[in-house]
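> What follows is a single structure, and I will ask about it in a moment.
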Amino acid sequence: MSIKAEPAVASPPAASTPGTGTYASQLIAAWRVISRNRLALLGGFVILVGVFTAIFAPLLATHDPYEIDIVNRLRGPGPGHWLGTDVLGRDTFSRLVYGARTAFQVAIGAVALGAIAGIPLGAIAGFYGRRVDAIVMRFMDSVLAFPGQLLAIALVAALGGGLISLYIAIGVSSIPQYARIVRGVVLSQKEREYVEAARMVGESNLRVLFGEILPNCVAPIIVTLSFDFAHAILIESSLSFLGLGFPPPTASWGLMLKEISPFLELQPLSALFPGLTIAIMILGFNLFGDGLRDLFDPRHYEI
Amino acid sequence: MIASYVVQRLFQLVPVLFLVSIGIFLIIQLIPGDPVMVMLGATPETSGNINRQQYEELRHQLGFDQPLPIRYLNWVSKVVRGDLGMSLKSRRPVLETLLERYPATIFLAITALIGAVIVAVPAGIIAAVRQNTWVDYLAMGFSLWGVAMPNFWLALMLIVLFSINLGWLPSIGYTSPLVQPVDFLRHAFMPAIVLGASTSAHLTRYLRAEMLEQLSQDYVRAARARGLPPLVVIVKHAAKNSLLAVVTVVGLQTARLLGGSAIVETIFSWPGVASLLLEGIYARDYPIVQGAVLILALTYVFINLVVDVAYKFLDPRVRLE
């Protein structure tokens, strides 16, 4: 299945009146469109809260997330511990707050790796065509031959734990996404007149590709980034849940669920909050991505 | 026509399968440090205690005494002949173990898929027909939440509800559907819900969009104008034409089903190849890891082929790129 090659969609529809659009007015127009989409706003708000929590974790946490207090283990929510405690008596709320750091730390690296590797690959494949295209895209197909979660598990198994392994394990599976999107846009743009014009002026291939054509990919890439963040957070927590992510006692949402799972009978509420946190964070990125896509390309609908 | 399409499609697969085989071969080669030591369970501190003879044997068995390209060729030629090596743990042929556990994975994936379709098809259709009513919002809410919810968490919540609180369903175990179908369903109920939830959510959403598109088409209006009952117009006209959407999504979702099965099978102690993969990882039994990844990737590639062919069959306009 190939990604539809959409024409240039960088400018928001409301700001497309020719001649009047300064950058600032385009931004304002874009804000007007997106502010009407309440779900997208909600998504943006969730993301902001997540980022804020990750940055200011030490100020927000009510307890030391690593402090063990066996006497108060597996407590339910209460005044001392807002969301209760885990099997070692550590404060669930504080561990969730620090877990945001872990989640974002991994997601940022993994998403960056996917985008930084995928964008140039797709651009080169689309621009040079023929054999280069065939070789690059067969590579992408072979990455896609592994279901994403499985690829991450297999890579972690091979590379071992640690931050860099997690970046690679999670990032590799999203490389083809970026490559396909950028390739599609480049294919649709490279025969356009403005590209011809740039060539006539004597611009080099690289300048034409990165200076003239690639700016058209910004909108679809931003949309993909949002969904990719959701995907990265999900995979990180899945790997941690399987014991393949960070080692204990790291505060990671997936690891928290793994640690509580043998004690579900004693304190089912302890498993409720980490899962809800992961789901809300992923929902936030998905809603925001949906909103951005509607903003950039109102005709598109979700596969 | 269809036959030549299948042949073309198979040819396209050759380079992909070649690269996939390299990837799986590299799983062992990528292990940091000395892979043989790692597989023997030695850390750098304890490596002195390893039996020298045992070390050399394993090193030879895995072909580490030969250069990389030769090692790859040897490995591939064995794999093609069905020799996936021996499990380091159980000392049994990997292929034998894989074949033993493969049916459980497939039965679970099929059950999850059927469940997902049974929920999603009416949900998607009704949501579109009753657009912007509470039914629609409910279906869309379910769809957004189903995609966002991590499957391992859903699994834990279902276990708390159905196994711990109500005591209705077993949280572990498996019987073959070919032997005891009812018992199979009892065991597969929760794993199938967990595995199928996000597929069902995606399908609902996509089907709703597709139905809305179809319902606004002229042929639907014409059918209505002819005085056909609303149900006939919805089911026989619009829904029938949205079928292609179902096929597309099912194809795309196979990745999710097979990838998700690793976690689901592990949580519910489901004896499939995906949980075997994790057992292999935990035990550093790399031949098992390679075998399990291989069989899952091949399954995925094969299903995609079938979906593409089905697609071609349903919509003759599809052309090979």
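The values are calculated or read from the model by the stated rules, or taken from the named source; none is laboratory data. Computed from a prediction, not measured in an experiment: that's the story for all the values here. Every residue, glycine as well, gets a Cβ built from its backbone with ideal geometry; the counts of neighbours run over all protein chains shown. Ligands, DNA and RNA are stripped out before the accessible areas are found, and what is left, the full protein with its side chains, is counted by its heavy atoms. Shrake-Rupley method; radii C 1.70, N 1.55, O 1.52, S 1.80 Å.
> State which residue pairs qualify: first residue among the aromatic types (Phe, Trp, Tyr) and inside segment B:85-109, second residue loosely packed, with under 15 Cβ neighbours inside 10 Å in any location, beta carbons under 9 Å apart, and separation of 6 or more residues or different chains.
Pairs found: B:Phe107/B:Ser176; B:Phe107/B:Leu178.
> Failed condition for A:Ala197, given (1) out of contact with any Ser or Thr (no Cβ under 9 Å at 6 or more places or on another chain); (2) more than 8 Å from chain B (Cβ to nearest Cβ); (3) open to solvent by less than 10 Å² (accessible area, probe 1.4 Å), with all others met?
Status for A:Ala197: all satisfied but (3).
> Looking at (1) within 11 Å of chain B (Cβ to nearest Cβ); (2) assigned to a helix (DSSP H, G or I); (3) over 30 Å from B:Val246 (Cα atoms), which one does A:Gln267 not meet, given that it meets all the others?
(2)
> Let me ask something else about it. Assuming A:Met281 fulfils every condition listed in (1) over 24 Å from A:Arg192 (Cα atoms); (2) away from every other protein chain (no Cβ under 12 Å); (3) out of contact with any Phe, Trp or Tyr (no Cβ under 8 Å at 6 or more places or on another chain); (4) touching a residue at least 24 places away in the same chain (Cβ under 8 Å) apart from one, which condition is it?
That leaves (2) as the condition not met.
> Scan segment A:69-87 residue by residue and report those that are in contact with a Leu (Cβ under 8 Å, 6 or more places away or on another chain) and surrounded by 15 or more Cβ atoms within 10 Å (Cβ to Cβ).
First, the residues of segment A:69-87 that are in contact with a Leu (Cβ under 8 Å, 6 or more places away or on another chain): A:69-70, A:73-74, A:76-77, A:83-87.
Matches in segment A:69-87: A:Asp69, A:Arg73, A:Leu74, A:Pro77, A:Leu83, A:Gly84, A:Thr85, A:Asp86, A:Val87.
Matching residues to (1) more than 30 Å from B:Tyr282 (Cβ to Cβ); (2) among the acidic types (Asp, Glu); (3) open to solvent by less than 20 Å² (accessible area, probe 1.4 Å); (4) part of a helix (DSSP H, G or I):
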residue: A:Leu121; (1), (2), (3), (4): yes, no, no, yes
residue: A:Val132; (1), (2), (3), (4): yes, no, no, yes
residue: A:Gln149; (1), (2), (3), (4): no, no, no, yes
residue: A:Ile153; (1), (2), (3), (4): no, no, yes, yes
residue: A:Ala157; (1), (2), (3), (4): no, no, yes, yes
residue: A:Leu166; (1), (2), (3), (4): no, no, yes, yes
residue: A:Ile170; (1), (2), (3), (4): no, no, yes, yes
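> Could you check segment B:262-293 and list, in sequence order, the residues that are more than 10 Å from chain A (Cβ to nearest Cβ) and either assigned to a loop (DSSP other than H, G, I, E, B) or surrounded by fewer than 24 Cβ atoms within 10 Å (Cβ to Cβ) (or both)?
Let us first name the residues in segment B:262-293 that are more than 10 Å from chain A (Cβ to nearest Cβ), namely B:264-265, B:268-273, B:275-276, B:279, B:283, B:285, B:287-288, B:291.
Listed by number, the residues that qualify are B:Phe268, B:Ser269, B:Trp270, B:Pro271, B:Gly272, B:Ser275, B:Glu279, B:Ala283, B:Asp285, B:Pro287.
> Oh, and also: Is it true that B:Phe142 is of a type in the set (Phe, Trp, Tyr), more than 22 Å from B:Ala120 (Cβ to Cβ) and in contact (Cβ under 8 Å) with a residue 40 or more places away in the chain? Don't jump to the end; show me each part of the working.
Numbers: of a type in the set (Phe, Trp, Tyr): yes; more than 22 Å from B:Ala120 (Cβ to Cβ): no; in contact (Cβ under 8 Å) with a residue 40 or more places away in the chain: yes.
No; evaluated as a whole, the condition is false for this residue.
> So which pairs qualify, if the first residue must be in segment B:24-38 and facing another protein chain (nearest Cβ under 7 Å) and without any contact (Cβ under 8 Å) to a residue 12 or more places away in the chain, the second must be of a type outside the set (Lys, Arg) and in a loop (DSSP other than H, G, I, E, B), the Cβ gap must be under 7 Å, and the two must be at least 6 apart or on different chains?
Matching pairs, first to second residue: B:Pro32/A:Gly160.
> Assuming B:Arg59 fulfils every condition listed in (1) within 14 Å of chain A (Cβ to nearest Cβ); (2) surrounded by 15 or more Cβ atoms within 10 Å (Cβ to Cβ); (3) free of Cβ contacts under 8 Å to residues at least 60 places away in the same chain apart from one, which condition is it?
(1)
> Continuing with this model, one more query. Counting residues that are open to solvent by 40 Å² or more (accessible area, probe 1.4 Å) and within 17 Å of A:Phe285 (Cβ to Cβ), which helices (runs of 4 or more DSSP H) fully inside segment A:20-66 reach at least 3? Working first, answer last.
Working: elements: A:23-36, A:38-55, A:57-60.
In segment A:20-66, A:38-55 are the helices (runs of 4 or more DSSP H) which contain 3 or more residues that are open to solvent by 40 Å² or more (accessible area, probe 1.4 Å) and within 17 Å of A:Phe285 (Cβ to Cβ).
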